[in-house]
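Here is the structure we will look at.
The values are calculated or read from the model by the stated rules, or taken from the named source; none is laboratory data. All figures in this text were calculated on a predicted structure; none of them were measured in a lab. Note: ideal-geometry Cβ built from the backbone for every residue, glycine included; neighbour counts use all protein chains shown.
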Amino acid sequence: MSRIGVESAFDVLVRAHALEAKGRSVIHLEIGEPDFPTPPHIVEAAKKALDEGWTHYGPPQGYPELREAIAAHVSRSRGIPVGPQHVSVVPGGKPIIFFPMMALLEPGDEVIYPNPGFPIYESMIRFLGARPVPMPLEEGRGFSFDLNLFRERLSAKTKMVVLNSPQNPTGGTIPAEDLKQIADMLRDRDVMVLSDEIYSRISYSEEPPVSIASFPGMLEKSIILDGFSKTYAMTGWRMGYGVMPTWLVSAVSKLMVNSNSCTASFTQRAGLAALTGPQECVTSMVAEFRRRRDAICAGLNEIPGFRCPIPGGAFYAFPNITGTGMDSKELADYLLYEAGVSCLDGGCFGEYGKGYIRFSYANSMDNLMEAVARIRKASPKWESAVHAHS
Ligand SMILES: Cc1ncc(COP(=O)(O)O)c(C=O)c1O
């Protein structure tokens, strides 16, 4: 247990709530979940399922009808031929980090993963006694990898490579050309790729994000993680899935039997309604996120010492704050306690996240603008330092 990590967003949320309990006003830009309600037709499908008696155990792998719908969606959106036999339905996206890593990793195996990145990757790698090999994300490359460094970090012990695009915490996306080169480097190696595509539908470019699984020879090496939490504002429902080779599906099913038995039956009916029903709810949510992204990034770029790249996906702004002269942890604490803006130190996402702050813009436009105004007001603390150095 000394090796397993946690997610700082939940700790910061607790601290922010403690301040609010004392009567302080706090704007919550720390937690990574859509602020929209789950679309009503999905809620209705769950209520109907409860009335119809979808209240019992189901198959550990997930109901066949839902797996069919997931396979059809993943085949269409990624341009790959997958069937229901390749799908594991699990309670949230996270189990597709937990179970495949548990099934595949042995002590001493090396895992290459993005840093800054979702903290659960490194936590699980360490928990299983494997060796975390961080790939620094490069701000100058839209937070993609340095491919030469990636080649150097591959070794005979590399068992797994974790990719995440669009990415948490940076909002960056990995360009198709980079994925092609990564695929070329991995094709003949005995490695599995965990491709975390949970933000695949929250993308602002014309072209949908590309999956590494769609490159020749990569499907049988890939585990696609996706789910309903972010796309359909269903974080509390715990609905996610993995798409992977059938031999690994069997392993995940065994781990499901030993842990959860199955994913809740009536929520799977809601998931089916989400995937097969109208998709305007997703389109309009993404359009609203884009409006907020443009507004918060413009606002943050006007703050002395902040440099905020425009993210291509997800709902996070990740400004470089080294120009403030403050340490990012110190600055995140200062913003919470002095300005009433709850945000995350980039260092919560790994060593290479230091010097950045993550703001989740899954909050109303009014709150975002108020947050920017509060930060602006707090900036004299570091503004004099910036001027002294420029
Ligand atoms: C990159 C990434 N992967 C996976 C997850 C887990 O999603 P879920 O809430 O469905 O378990 C998250 C949630 O924040 C995430 O940001």
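Going by what's in this entry, would ALA183 be described as crowded, with 24+ Cβ neighbours inside 10 Å, away from the ligand (no atom under 16 Å from the Cβ) and not in a strand (DSSP E or B)?
Answer is no for this residue.
Report, by residue number, each residue of segment 190-202 that is within 16 Å of the ligand (Cβ to nearest atom), part of a strand (DSSP E or B) and either hydrophobic (A, V, I, L, M, F, W, C) or surrounded by fewer than 21 Cβ atoms within 10 Å (Cβ to Cβ) (or both).
Within segment 190-202, VAL193, LEU194 qualify.
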Only one residue in GLU122, GLU152 is within 13 Å of the ligand (Cβ to nearest atom) and part of a helix (DSSP H, G or I), so which one is that?
-> GLU122
Could you give me the residue pairs with C-beta distances under 9 Å whose first residue belongs to segment 86-105 and is outside any helix (DSSP H, G or I), whose second residue is acidic (Asp, Glu) and at pLDDT 95 or above wherever it lies, and which are 6+ apart or on separate chains?
-> VAL87/GLU68; GLY93/ASP196; GLY93/ASP226
Flagged pairs (Cβ under 7 angstrom, 6 or more apart or on separate chains; first in segment 157-170, within 20 Å of ASP345 (Cα to Cα); second within 11 Å of the ligand (Cβ to nearest atom) and charged (D, E, K, R)) are ASN164/ASP196; PRO169/ARG358
Any chance GLY23 is assigned to a loop (DSSP other than H, G, I, E, B) and crowded, with 21+ Cβ neighbours inside 10 Å = no
The lone condition TRP54 fails out of (1) closer than 17 Å to GLY242 by Cα; (2) of a type in the set (Phe, Trp, Tyr); (3) touching a Lys or Arg at 6+ places or on another chain (Cβ under 7 Å) is (1)
Just name the residue that is surrounded by the most Cβ atoms within 10 Å (Cβ to Cβ) out of those in segment 98-119 that are within 12 Å of the ligand (Cβ to nearest atom) and either closer than 19 Å to LEU186 by Cβ or polar (S, T, N, Q) (or both).
-> PRO114
Quick check: anything in segment 30-42 more than 20 Å from THR231 (Cα to Cα), away from the ligand (no atom under 15 Å from the Cβ) and over 19 Å from the mean Cα position of the chain (by Cα)?
-> no
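So that you can scan it fast, the table gives a plain yes or no per residue for (1) within 14 Å of GLU30 (Cα to Cα); (2) part of a strand (DSSP E or B); (3) touching a residue at least 60 places away in the same chain (Cβ under 8 Å):
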{"site": "THR283", "(1), (2), (3)": "no, no, no"}
{"site": "VAL286", "(1), (2), (3)": "no, no, yes"}
{"site": "ARG290", "(1), (2), (3)": "no, no, yes"}
{"site": "ASP294", "(1), (2), (3)": "no, no, no"}
{"site": "PRO311", "(1), (2), (3)": "no, no, yes"}
{"site": "GLY323", "(1), (2), (3)": "no, no, yes"}
{"site": "MET326", "(1), (2), (3)": "no, no, no"}
{"site": "GLU330", "(1), (2), (3)": "no, no, no"}
{"site": "TYR337", "(1), (2), (3)": "yes, no, yes"}
Residues of segment 58-85 satisfying the condition of being within 14 Å of GLY240 (Cα to Cα), in a loop (DSSP other than H, G, I, E, B) and either more than 16 Å from the ligand (Cβ to nearest atom) or without any contact (Cβ under 8 Å) to a residue 24 or more places away in the chain (or both) = PRO60, GLN61, TYR63
So ASP178 clears everything in (1) outside any helix (DSSP H, G or I); (2) more than 12 Å from the ligand (Cβ to nearest atom); (3) surrounded by fewer than 24 Cβ atoms within 10 Å (Cβ to Cβ) except one condition, right? Which one?
-> (1)
Tell me, yes or no, whether segment 252-263 has at least one residue that is within 16 Å of the ligand (Cβ to nearest atom), modelled with pLDDT of 95 or more and within 16 Å of SER165 (Cα to Cα).
-> no
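Among the residues of segment 210-231, count how many are under 25 Å from PRO309 (Cα atoms), within 13 Å of the ligand (Cβ to nearest atom) and buried (at least 24 other Cβ atoms within 10 Å of the Cβ).
Here the count works out to 1.
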